[in-house]
Structure formats: C-alpha cells, structure tokens
Amino acid sequence: MNNQIYIVGEDNIQKLNSLEQGGISILQIVNPLITAILWAKLGMMVTQWMAVLVSIIGVSLLPQVKYHNMLKMADVMALPNLKTVWHDIFQRSTVRKIFLLETCVGIFLVSEVVALAYIIVTNNYASVSFLGMIQGLIGIGSILGAALAYAKHVYTPLKVLKYTTLAIGILYSIQGLAFTLPIKSLVIASIIILNLLISLINTFTAPISYTVLQTSLSDNTRADVLTWYYTAQECVYPLGALLVSILMPIISPANLYLSYGLSIISIVLLVMGRLKNP
C-alpha cells in the first residue's frame, strides 16, 4: 500500500501553528525533567538507547502520517520519492538554507536535553534533588520565547534566524568558558541564565523558520517537502544523542560546549552566508 498524506488546508495552518508552538513550549520544559528521572532510575546509557529507538520508530512512521478530515480522499496523492523532493528543496535558496540550518544546528542543540542534566549531576554542580528546579527555571525561557514569538512581527526572517542562531552559538561558547569557573554556585548561575536565554531564542525562532519554509514553497510541493523536512528533523535526535554520548566521556564539559558553540557559529556562517530578504 502506498504511503499517503492528507495535505493541511490553508485555513487550518494558523490553528496548527498555534497548537504546535504551545506544544513545543511545554515539551521543552518537560523533556529534560523526564530525561533526568529516567537517568536516575535506568542510568544514562539505557535512557539514551531508549530515546534513540523511539526516534527511529518516529522516522519510520512519519512519512505515513495522515491528517484526517482535512481533504477528501479523492484529493489525496501518494507521497513522492525522496529524490523528487530533494530537488524541490535545493532549487529554492530560502528552503535550502532553512532545511540545512535547522537540521545541522539541531544535532548540536540535542545536548540541551541529553547532556546538560548529566553534566550537572556527574560533575557535582548540583544534586539530583535540585535538578528539576534548575531545569524548571531554564524552561521559563521557552514560555518567554513563545510569548515573544506570538507578539513580535518579524519582517526580515532569514536575518533574524541567522543572528539568533549565531547568538545561540556564542552562548554555548560562553557556557563552555563558564564551566571553568572555580566556584560551583557561579557555574550553576551561568547554566540557568545562559540556557534560559538559549531556550528563549530557540522557541522564539521555531515558528519563524517554519512559517518561512511554508511560504517559500508552492502549493504543489509544500506538503511533500514539509513531510520530508520533519522526517529529517526526526533523525536529528538520534544523531545528536549519539554524538554527545560519544564525546561526553572523552572531553570535559567546557570543551564540549566550546566545540559545540564554534560548530554552530561555523554552520550559520557557511549555510546562511550573505542574505537577501525573502
């Protein structure tokens, strides 16, 4: 049986965007808490491989997702092969930039969920009993970011994405330097403040990239490209989790965050380059 997808109608896009952003804000608070609890009960490696397995299942299921009651069955077409969609992605500069930026940078941003709680506890910056409170304070950034995204009109989206992602890379690098501070209370304060800002920026820019991606595509290609875009995003977590799991036992938290920060900055400069407003 052919994979099929129901294309979301234009009148439903705004509603789905609002629901999606609300869900992102909640998940960015809840996911680290779940991670911390699972690590405490099951250990790091078991939790990591469970997360990777769930992500792989998600990758296999996503191309078959159906949005019921959006269009009549007669209007539903089979999902095209990846080769066709790949051409649609790379023939449009804006789509190509967002696709590559979100996918490549996303691999490093996985460390916010996977590495941060582990670093805090294993390096004795805080006990497990205080971990939830720290993650909760960081999660406030997601709420503020979602509120800012709702209220703020963005007129130069690609430039905003470029400079906000550069800011995330810089904040990662600063966090790497902060891990070298001699006083643990200062390290914890830096973790809360810097990662709250990262969370705020990340949540603020999520609807920008998604909206620009949608509006840059034609009606004929939008549903197909977005389906494969989300398939690529599902691959981000297992790749990011695998990378950070390999690096954490080898290098210090300071070097991990410094290398991640410099990598994010390099990706932004390479992918975005010199921009013209879309």
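Normalised by 2.2 N^0.38 Å, where N counts its residues, the alpha-carbon radius of gyration of region 199-278 equals 1.38. Principal axis extents of the Cα atoms in region 126-278, from largest to smallest and rounded to whole angstrom, are 55, 34, 30. Across region 104-208, Cα-Cα pairs farther apart than 19 Å form 44% of the total.
For region 162-188, the residues whose amide N sits under 15 Å from a probe point set 7 Å from the Cα of residue 259 along the beta carbon direction are 173, 176-177. Sorting 142-154, 104-116 by average packing, meaning the other beta carbons within 10 Å per residue, from highest down gives 104-116, 142-154.
Straightening the chain between residue 180 and residue 90 buys 28.2 nm, computed as 0.36 nm per residue apart minus the Cα-Cα spacing. Peptide packing for 249-261, 196-208 was compared via the average number of neighbouring C-beta atoms within 10 Å per residue; ordered from the highest value, the list is 196-208, 249-261.
Taken together, the values in this text are just the output of simple stated rules run on the coordinates, not laboratory data. Keep in mind that what you see is a predicted model, and the values were worked out from it rather than measured. A quick note on method: Cβ atoms are made from the backbone with ideal geometry, for glycine too, and the neighbour counts reach across all protein chains shown.
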